[in-house]
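Below is one structure; the comments refer to it alone.
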Amino acid sequence: MRIAIVGAGSGYMPGIVRGLLHRADDLAGTELACYDIDAAHLDVMTRLARNMFAARGAAITVSSHTVLKAALDGASYVFTTFRPGGLAARHLDESIPLKHGVVGQETAGPGGFLMALRSVPVLLDIAAEADPGAWIVNYTNPTNVVTDAVARHTDARIIGLCDQYIGDTEMWAELLGLPSDGLEADWIGLNHATWAQRLRLDGRELDVPLLLDDLKVPGGGATPWRDPSRMAELAKTLGFLPNSYAKYYFFHDEVVEEMRAKGTTRAQDILAMLPGYYEQVATEADKADPDPSRERGGGEHGEFAVDVICALHRDEGRRMIVNTRNNGAIPSLDADAIVEVPSLVGRSGPVPLTMGPLPGPVRGLTQAIHAYERLASEAAVTGDRRTALQALMAHPFVRSKHTAEKILDEGLAAHRDHLPQFR
Ligand code: G6P
Ligand code: MN
């Protein structure tokens, strides 16, 4: 079997190699076809992968490619994990909305919209060049918009991934004083906009409202990914568990103030740490038993993606939360919507499990986000300016037509080189 990795020079690659190692027995005989446009980063990561596989006796070979088609040919799985325009483009996505009083975030809101405009054309190319029948296993953000565009406009098979729910479930275990081993939450909704009303520990249903009554809202503890204090505050009012991106919707104006006061974007913070990170990885890459930094993608990120590939390949029918076509699993959203929902993942792809309606307090919000996502996907495919404007106006962060116009004009100009569909 051949697995292509598009974006193999990514800082997340050490975690992906660790993920492959954790399923090395199931993947024996696999060839990893690594592709990136950054030849230097690709070189570091392929050396690292070879040496890590050799050190652990894993029967996985590694090839290195700077021509996309050469990596895709013969690949049954195309794992996409890249950021078009890199962190410099992410900085623009995060800073342009903020200038206009809107949260500047990589995936949520207008920042995610601008990223979608760059990601979608690249994914459509990959879908066109991949072997017929290959699975695109996609981490490229915004994962749900990308998945929607590929599912709607190509014949390729695609499954959209996000590992957020794993860390969110762990955060909730800690907040609720529960063990995280054996804790399972039914996160449903849209990527980075999911909600959980049902929680099980070792298969036993828990009383979520009762747990939330007893929950004490902690102070502080926020990381770039999670803000437990705000999540706890929200949950006590909503009566169910919000995903960690909910703070951007329900504390929008406070978050704008905080982002402005902070003075640097997340992209700038990452850019500042990356040279040291790659240096560490490069040094480890040549060692007999490399131990690369876990600073980027050090959690479940890699293992989750590899588990999805194994579930597809080995027809495991494993229960995982992925982005796929709704087909009635969540009746509050269109049947052809790409939703994030518990699914059984086997050879024929994810089969979403029937979950029932979205909880009332966030039903309208989630439907609005879906309306935005459909328009964003359409605009990213067609390059139609009017559709793009409609998308931004549909987003709950924006609404204002003039704000939407300013963000769109600035965004299209700033990212011109990455937006062939708008030329
Ligand atoms: C989480 C999200 C990803 C996102 C990442 C950003 O893992 O689920 O979709 O890309 O955070 O993390 P970063 O460290 O790049 O800010
Ligand atoms: Mn994500």
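Coordinate-derived values only; no laboratory data. What you see is a predicted model; the values in this text were computed from it and never measured. Here the Cβ positions follow ideal geometry from the backbone for every residue, glycine too, while neighbour counts run over all protein chains shown.
Quick rundown of the values:
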| quantity | calculated |
| --- | --- |
| Calculated FRET value between D73 and A335, using beta carbons and R₀ = 35 Å, to 0.05 | 0.50 |
| The range 228-308: C-alpha gyration tensor shape, a/c 1.5 cut-off, then a/b vs b/c | oblate |
| GNM result for the chain, Cα springs below 10 Å: residue of T354, T169, T147 fluctuating most strongly | T354 |
| Average projection area in nm² (convex hull over Cα atoms of the chain, one quarter of hull surface) | 18.8 nm² |
| The range 54-115 and the range 169-209: distance between their alpha carbon centers, rounded to Å | 29 Å |
| Tensor-based shape of the range 45-156 (alpha-carbon gyration tensor, a/c under 1.5 rounded, otherwise prolate or oblate) | oblate |
| Placed amide H near T194: partners under 5 Å, 5+ positions off or other chain | N243 |
| Fully extended contour minus Cα-Cα distance, from M273 to A54, at 0.36 nm per residue | 76.0 nm |
| Backbone HN-Hα couplings from phi across the range 326-333 [Karplus 6.51/-1.76/1.60, Hz, Gly and Pro as x] | 4, 6, x, 4, 10, x, 6, 10 |
| DSSP-defined beta bridges in the chain - what % are antiparallel, rounded to 5 | 50 percent |
| Within straight-line cross-link reach of K99, lysines at Cα separation under 29 Å, skipping those fewer than 8 residues along the same chain | K247, K262, K401, K406 |
| Extension gain, T237 back to L344 (0.36 nm per residue minus Cα-Cα distance, nm) | 35.4 nm |
| At 1.002 mPa s and 20 °C, Stokes diffusion of the range 159-204 via Kirkwood alpha-carbon radius, µm² per second | 194 µm²/s |
| From phi via Karplus (6.51, -1.76, 1.60), per-residue ³J(HN,Hα) for the range 57-63 in Hz, x at Gly/Pro | x, 7, 8, 10, 9, 10, 10 |
| Of L211, L98, L190, the one that fluctuates the most in a GNM where the chain has Cα springs shorter than 10 Å | L211 |
| Extreme residue, positive dipole direction of the chain, given options V398, G189, V362 (C-beta unit charges) | V398 |
| Table column - 3J(HN,Hα) (Hz), the range 89-104, Karplus curve with 6.51, -1.76, 1.60, x for Gly and Pro | 5, 4, 4, 5, 4, 7, 9, 4, x, 4, 4, 9, x, 10, 3, x |
| Alpha-carbon centroids, the range 341-401 and the range 1-20: separation in whole Å | 28 Å |
| Cα-centred dipole magnitude for the range 210-334, charges only on beta-carbon of K, R (+1) and D, E (-1), debye, nearest 20 | 320 debye |
| Proximal charge balance of G221 [Cβ under 12 Å; K/R count +1, D/E count -1] | 0 |
| Estimated 222 nm signal from helices in the chain, with DSSP H stretches of n ≥ 4 weighted -39500 (n - 2.57), rounded to 500 | -15500 deg cm²/dmol |
| Shape of the range 183-288, Cα gyration tensor, a/c cut at 1.5 | oblate |
